[in-house]
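Accompanying notes for the structure given below.
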Amino acid sequence: MASTMVISPMTRIEGHLAVHTEISQTPDGQHRIASARCIGEMYRGIEKILQGRDPLDAQQITQRICGVCPISHGIASVLAQEMAYGVKPTHNGRILQNLIQASNYLQSHILHFYHLAALDFVDVKAILKYTGNNRTLRELRAWVERAVASGDAFAGAPFLPRYEVDQYAKSDEINWALLASYAQALELRTIAHEMAAVFGAKLPHSTSLVPTGVTQAPTIERILAFRSRLLKISHFIEDVYIPDVTTAAKSFPGYWDIGKSYDNFLSYGVFREEDSVGLSTRTFLPAGTVINGTWASLDPQRIREFVGQSRFSSASDRHPFEGETIPSPAKGYSWLKAPRYGGEPMEVGPLARVLVAYAAPGGDWVRRDVDRVLESLGVPREKMNSVLGRHLSRALEAVWIAKRCDEWLDELVVDGAPAQDFSLPRTGRGFGLTEAPRGALGHWMVIDEYKIGRYQCVVPTTWNCSPRDDRGVPGPVEKALEGTPIENPAQPIEAGRVVRSFDPCMACAIH
Amino acid sequence: MTQDVRFTRRELMKLGGLLAVGASLPARTAKVFADGAQKLLTTTRIVWIQAQSCTGDSVSLLNSVDPDPVDLLTRFISLVAHQTIGAAQGQTFMDALDKAREQGEYILVIEGSIPLDMPEACVIGDSTVESLLVRLIPRAKAVVAVGTCAAFGGLPAAEGNQTGAGSVSQLMTRHQLPIQGRLINCPSCPTHPKCLIGTLAYVAAKGYPQVDPELLTPTTFYGHSTHDECPRYHYYERKIFAKYLGDQHGCLFELGCLGPISYTECPHRQWNTGVNWCIRASAPCIGCSSPHFGKRKDFPFYRKGEHQHAVAYTEQDRKGGRP
């Protein structure tokens, strides 16, 4: 017996998403998701807005695609421009771009785990039983008590209302610890944004990013301002974030077996380690694909976007250099296009980056860290393709990136040029491939008579929350939802856990 | 499918003696601490709706330090609906919105532009954002358009856009909803947390603030020229100009700086707890608080390539006067 289950809107992600599912009931009475559709619900048409503008505008306009990961759009645009202009970054410029992008990664990962995902696992009402001495928790309890006492119908907002199911963490101690971390993480993610602004001018939406580098020089005062904040963030990641993810994994072990998607993973590579631009440039986290366990190098020519089930009347099966974006609101079921690599749907994001780095040549240090953590958790590597595998990958990556930031600071030439002059060509084309916190991000730009002739963005959540393609093959999140057990279809908390493990960003995905 | 958003009876009983005290309080007590310097501490309800937005203003809200986000959420405002931060999802979220609407007395914060020519381009639950907002606005005691998109249309409303994106003010005009004394614009991309929270606190405690009659921006936060108060103004006076993007010295005007047409507190308040801001970082102001922000294709943010292609803007466009 099948029935329909709709989660609309899917909140605690970035942007506008609805999830429509068909639920089947097994003979023992349990509900499972039989099929799912991810419906992207907000369109702005940024690619069309870019056409006919000055190419330099692109790194400002594309940052506005997303207020959670603007830096990665700025970087993708800068990379595409550097290629089109035929210029390279300065030594400082490259490192400063890395530091700004890395800071925003740390900000985004902390925000995602605590403020977007954790409320699916933590029992916030456990605060009412709190009797310890943590000042924040005591005040949280007092706050809720005051609101209840005054008869406030929205006592505890925005943490309530929520799905009232018996599926939150059972242990008071775990709930209290995670609530304390939630509050602490709010402060730490603000500090991570300060760190990004030290060289990025302001966040969200940095004005400092430019082709060849940034506008802010690395003075000793700036480097200290960054490093002092990095220390705090690193301590938080190691002392709080990693233990909290481990605790969540131990409290919800079933989620090693829920949320499995295709075994197709794609990474464009991120954080340049050489003062150059283009595919051969070595990156800290490497580019590549892993399909059914086999690593291969990246070939951007294999990327296509399909629109058969999307709200666009433009041609389907186009490489981004030839792509078009013509809206047709009555057509298809989602505002996302369906990107495919060699015709296949690909999962992107921290899990993909970790698995690609694990399988890539030179990935010894990645293998060592991943194997050690999985061994301590008693989980085989095959189970990384799961809700918990995605959360763990994000946390592991945060450790690596924070450590690398510390080294990058030492590699800066104090007071050295953060950028260099360049000129704009009459015609040209370039692509910028990088990784946003939530996955592979590409910008493709064609310059015609000093202006942008064509601009196409293929964004992480475009890959992950992709609708079905022209062959009817579901996107990775749609696939990951299939088979998810649902205890109560009226309050399907399990579906939200699966979707959020991908950290969707819909404003990005559709743009 | 409606869920009870209140605590269960059993949970209430656990609160023990506190309830006895609480029973003597008036229902829905708004002010928690209503005395002296703490007069702004309220539990004013905020309903926050994201339209054609990038969530940047929501992220900027979380970058607040005075108050920090925990204090903000637990002492200053009651954030009864927020798509990114709130626990509620699916029907629970829509039910909470309905309930807030029934009870009224909230400040409605709108982030992002509204697709006035293509309503399907922004949908929340089973409703276009336009029809949802038209239901929510009349019950609000004030409407705050946060960020340049909500305030003025912003980049989604730029030349050549396909959705007919417009501002909250255009939406209210279209549906004949009264604007005067109700709508407040808090632009810049994103909004500065101090401007937003300061505005919310003022509205909660004192009512409608003094605003620019045309732009509806609170004069406290948007009354000063960025250019006039720029720390590099002395360079401008002496005609010493930065030569390329990344040049650490000189006025940034010849690189395209739009400080002269911008009215913000950036030179004083700076960004991200005051660690930096655009011009301090040698980055030209791109005019992100302006009603004209990014609107024209022939008015680039930077002047780098202007000698290479025809530009329709005039020097006066960049030097401004009040827009």
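Applying a DSSP loop filter and a limit of 16 other Cβ atoms within 10 Å to the GluC sites (Glu not before Pro) in segment A:462-497 leaves A:E487. Taking a sphere under 11 Å around the Cβ of A:L481 and counting the other residues whose Cβ falls inside, with K and R at +1 and D and E at -1, yields a net charge of +1. Taking a Cβ cut-off of under 12 Å around A:L79, the surrounding Lys, Arg, Asp and Glu residues balance to a net charge of +1, with basic ones at +1 and acidic ones at -1. List the relative contact order of segment B:28-221 as a percent without decimals, with contacts defined as Cα pairs under 8 Å and 6+ residues apart. Averaging sequence separation for qualifying contacts and normalising by length gives 22 percent for segment B:28-221. Report the equivalent ellipsoid semi-axes for the protein assembly as shown in whole Å, largest first, defined as the square roots of five times the eigenvalues of the gyration tensor built from alpha carbon atoms. Those come to 37, 33, 26 Å.
Which shape class applies to segment A:21-142: rounded if a/c is under 1.5, otherwise prolate when a/b exceeds b/c and oblate if not, where a ≥ b ≥ c are the square roots of the Cα gyration tensor eigenvalues? It comes out oblate by the Cα gyration axes. Checking Cβ-Cβ separations below 4.7 Å across chain B identifies B:C54, B:C122, B:C149, B:C186, B:C195, B:C230, B:C251, B:C257, B:C266, B:C278, B:C285 as cysteines lacking any candidate disulfide partner. Placing +1 on each Lys and Arg Cβ and -1 on each Asp and Glu Cβ, with no other charges, gives segment A:102-155 a dipole about its Cα centre of roughly 220 debye. In straight-distance terms, cross-link reach from A:K125 covers every one of the lysines whose alpha-carbon lies under 19 Å from its own, apart from those fewer than eight places away in the same chain; here that gives A:K170, B:K14. Write down Rg/Rh for segment A:221-293, rounded to two decimals, with Rg from the C-alpha atoms and Rh from the Kirkwood relation over Cα pairs. Answer for segment A:221-293: 1.12.
Springs between alpha-carbon atoms under 10 Å, Gaussian network over chain B: tell me which of B:F293, B:F253, B:F241 tops the mean-square fluctuations. Among B:F293, B:F253, B:F241, the largest GNM mean-square fluctuation belongs to B:F241.
Both numbers refer to the Cα atoms of segment B:224-323; Rg and Dmax are 13.0, 40 Å.
State the volume of the convex hull built on the alpha-carbon positions of chain B, expressed per residue in Å³ and rounded to an integer. Please list the in-between numbers first.
Numbers: hull volume 49.2 nm³, N = 323.
Here the figure is 152 Å³ per residue.
Over all other residues within a Cβ to Cβ distance under 10 Å of A:Y450, the charged ones net out to -2, with Lys and Arg as +1 and Asp and Glu as -1. Under 5 Å from the amide H of A:A436 lie the amide H atoms of A:L441, each residue being 5 or more positions distant or on a separate chain, with H modelled from the backbone and absent for Pro and chain starts.
At q = 0.11, 0.12, 0.20, 0.22 Å⁻¹ the log10 of I(q)/I(0) for segment B:84-214 amounts to -0.38, -0.46, -1.31, -1.50, computed by Debye summation with a single uniform scatterer per C-alpha, solvent ignored. Please list, or write none, the aspartates and glutamates whose alpha carbon is within less than 16 Å of the alpha carbon of A:K202, excluding same-chain residues fewer than 8 places away. Reachable aspartates and glutamates: A:E194, B:D57, B:E265. Within segment B:28-221, DSSP assigns beta bridges of which about 25% are antiparallel (rounded to the nearest 5).
Each Lys and Arg contributes +1 and each Asp and Glu -1, all at the Cβ; summed about the Cα centre of chain A, the dipole is approximately 520 debye. Once backbone amide H atoms are built at 1.01 Å from N, B:G153 has B:S167, B:V168 as its partners under 5 Å, excluding neighbours fewer than 5 places away on the same chain.
Determine the shape class of segment A:337-496: with a ≥ b ≥ c the square roots of the Cα gyration tensor eigenvalues, call it rounded for a/c under 1.5, and otherwise prolate if a/b is greater than b/c, oblate otherwise. Show your work: numbers first, answer last.
Details: a/c = 2.52, a/b = 1.26, b/c = 2.01.
Since a/c reaches 1.5 but b/c is at least a/b, the shape of segment A:337-496 is classed as oblate.
Would you please classify the overall shape of segment A:203-354 from the alpha carbon gyration tensor, given that a ≥ b ≥ c denote the square roots of the eigenvalues, rounded means a/c under 1.5, and beyond that prolate means a/b larger than b/c while oblate covers the rest? Oblate. Based on alpha-carbon centroids, what's the gap between segment B:194-262 and segment A:33-109 in Å, whole number please? The two parts, judged by their Cα centres, are 26 Å apart. Within segment A:268-319, the ratio Rg/Rh, alpha carbon atoms throughout and Rh by Kirkwood, equals 1.12. Averaging sequence separations of C-alpha pairs under 8 Å and six or more residues apart, then dividing by the length of chain A, give the relative contact order as a whole percent. Value for chain A: 26 percent. Once the Kirkwood radius over Cα pairs is known for segment A:32-79, the Stokes-Einstein relation at 10 °C and 1.306 mPa s delivers a diffusion coefficient of 126 µm²/s.
Quick one: longest stretch of chain B between exposed loop trypsin sites (Lys or Arg not before Pro), exposed meaning at most 13 other C-beta atoms within 10 Å and loop per DSSP? Before the final figure, lay out each step's value.
On the way: sites that count: B:K206, B:R238, B:K239, B:K243.
After excluding every exposed loop site, the longest remaining stretch is B:1-205.
Note down the relative contact order for segment A:27-161 as a percent, whole number, built from C-alpha pairs under 8 angstrom at least six residues apart. Worked out over segment A:27-161, it gives 12 percent.
For segment A:329-365 versus segment A:198-256, the inter-centroid distance based on Cα atoms is 24 Å. Basic side chains Lys and Arg get +1 at the Cβ, acidic Asp and Glu get -1 at the Cβ, and with that the dipole of segment B:28-221 about its Cα centre reaches some 680 debye. Note on segment B:137-208: Cα-only Rg and Dmax are 12.9, 42 Å.
Counting only pairs 8 or more residues apart or on different chains, how many lysine pairs in segment B:28-221 have their Cα atoms under 14 Å apart?
On the way: B:K31/B:K39; B:K31/B:K206; B:K39/B:K206; B:K141/B:K206.
Close lysine pairs under the 14 Å cut-off: 4.
Segment B:87-162 and segment A:434-511 have Cα centres separated by 23 Å.
Comparing mean-square fluctuations of B:V70, B:V275, B:V134 from a GNM of chain B with C-alpha springs under 10 Å, the top value falls on B:V275.
With n ≥ 4 as the cut-off for DSSP H runs, can you work out [θ] at 222 nm for the protein assembly as shown, using -39500 (n - 2.57) per run divided by the number of residues, rounded to the nearest 500? All intermediate terms of the calculation are to be shown ahead of the outcome.
On the way: 27 runs with 275 residues, N = 834.
It lands at -9500 deg cm²/dmol.
Read-outs: derived from the displayed coordinates by stated rules, not from any lab. Fair warning: this is a prediction, and the values are worked out from it, not measured in the lab. Glycine gets a Cβ as well: all are built from the backbone with ideal geometry, and neighbour counts include every protein chain shown.
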